[in-house]
Structure formats: structure tokens, C-alpha cells
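Below is one structure, written out as C-alpha cells, with a few remarks after it.
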């Protein structure tokens with residue numbers, strides 16, 4: 001509900017279509033159901049046609065159209081085909097670039113491949129999808145809503161891979177907003193705080209797996225200089241900050 005309000009997606013829904021990426025779970029899934037309830041036609045893009053996608057399809061509504069959409073795909077324009085009959089004339093009233101992934105790792109532990117993997121989804125996926133659908137957005141004088149993060153405005157240790165991608169989306173959005181002004185198209189940036197546990201973008205198990213991979217992939221020099229004790233304590237704290245079982249445990253890690 002708060003996301004719909006912030007993005008200006010709450011009024012005059014009848015006959016208007018919105019495309020949302022990353023509807024498998026989290027914000028995208030919740031927003032798809034919220035906007036459908038308000039009367040919008042929703043094109044819900046999901047990476048995989050399981051779980052969240054299946055739940056949306058089981059609504060069996062002609063206003064809830066579930067698409068398999070991978071924002072990393074260079075052929076993203078192919079996803080225009082299912083939209084053609086519905087929005088070709090009137091245009092697309094809203095595009096919500098929500099698909100994203102998260103990771104962590106201090107600079108000396110994070111490989112360039114990790115930086116590229118995160119940017120491919122969070123940054124280039126946003127650019128790719130936006131460019132594909134902008135003509136339909138302009139036709140409707142609609143809006144582009146990009147989901148970034150507070151880490152697209154301020155930095156945090158161990159989050160440089162994620163911060164780089166989100167700062168990029170913020171810059172892209174600011175440029176696009178100025179370019180779209182003459183077309184009457186709004187460009188809106190949503191910067192959520194810590195919703196890791198709520199959205200499932202990271203889990204305690206995935207943090208453990210990523211930490212093991214970071215340590216295994218580090219050079220001997222980095223492992224020797226940092227030490228396993230520092231590394232383990234650092235990532236234990238990372239888990240507790242996102243998923244604290246109780247205050248006493250968190251206090252013992254901090255002090």
C-alpha cells in the first residue's frame with residue numbers, strides 16, 4: 001500500500017495497465033496484488049513460473065497477466081508481444097522496475113564477477129526494461145517507478161557491490177526524469193530501508209553460503225592478512241543485524 005501511494009499508483013485505475021518486474025516475491029508480488037485490487041490491469045513479470053507466479057496466476061483474473069520475464073535477457077523487447085493487444089493504443093500507464101538481487105562482501109573478498117552479476121540485474125536490467133517500454137509509457141503520459149535503496153544514497157561497509165548498482169539506478173533515474181519532462185512522463189525513485197527479512201532478498205542461509213564462497217575465493221594473502229576469526233565474526237554480525245534472534249546475542253557480538 002505505501003509503495004503504491006509513494007509511486008502515485010492509486011487513482012483512476014480502470015483501463016490502465018502497469019508492468020511490474022520481480023513479482024516472484026517481496027515488494028513486486030505484494031504490489032501486483034495491491035494494484036489488481038485497486039482495478040488496474042497488472043502485467044506481473046516473474047523470473048520463474050513457480051510459487052509466487054503460480055499464486056498470481058491462480059487468481060484467474062483477466063486483469064492479472066503473469067509473464068516470465070528475465071531482466072538480464074537482451075531480447076527483453078520480446079516481452080512486448082503479450083502486451084500488444086492490451087496497451088498498444090492506450091500505452092502503458094506505469095512501469096515498476098522492482099527486480100533486484102542483493103549481495104555483500106568487502107572489496108578485497110568480492111570478485112569482479114560478483115560486481116558484474118549484481119549490476120546486470122539491478123542496474124542494466126532496469127535500463128534494459130525501461131528502454132524497451134518507454135515508447136508505450138510516453139504514449140500514455142505514464143510513469144516509470146524505479147526501486148532502489150537507501151544504499152543508493154548512502155554507503156555501508158561490505159555492500160559496495162550492491163551500492164554501486166543502486167547508485168547507478170539513482171543516476172539513471174535522475175537523468176531520465178529530466179529527459180521525460182517534456183513528454184509529461186513522471187520518473188519516481190523509491191528508496192526503501194532495510195526490508196531484507198521481509199522481502200527474502202537475502203536469508204541467513206544464503207548469507208552463510210555467500211560467506212563461504214567469499215572466503216574460498218579470496219587470495220592466500222587476503223585470508224592471511226584478515227584472518228578467519230575476523231571474517232567469521234564480521235559475517236556473524238552481518239547475519240545478526242538482519243536476523244537478530246534477541247538483543248542479548250546482538251550485544252555480545254557488538255561488545
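Looking only at the stretch 11-70, filter to residues that are buried (at least 17 other Cβ atoms within 10 Å of the Cβ) and at positive phi; which one of those is farthest from the chain's Cα centre (by Cα)? Applying the filter and picking the extreme gives 26. For the stretch 14-119, the helices (runs of 4 or more DSSP H) that sit wholly inside it and include 2 or more residues that are touching a helix residue (DSSP H, G or I) at 6+ places or on another chain (Cβ under 6 Å) and at pLDDT below 95 are 26-37.
The values are calculated or read from the model by the stated rules, or taken from the named source; none is laboratory data. Predicted model, so just to flag it, every value in this text is computed and none were measured. Note that each Cβ is placed from the backbone with ideal geometry, even for glycine, and that neighbours are counted across all protein chains shown.
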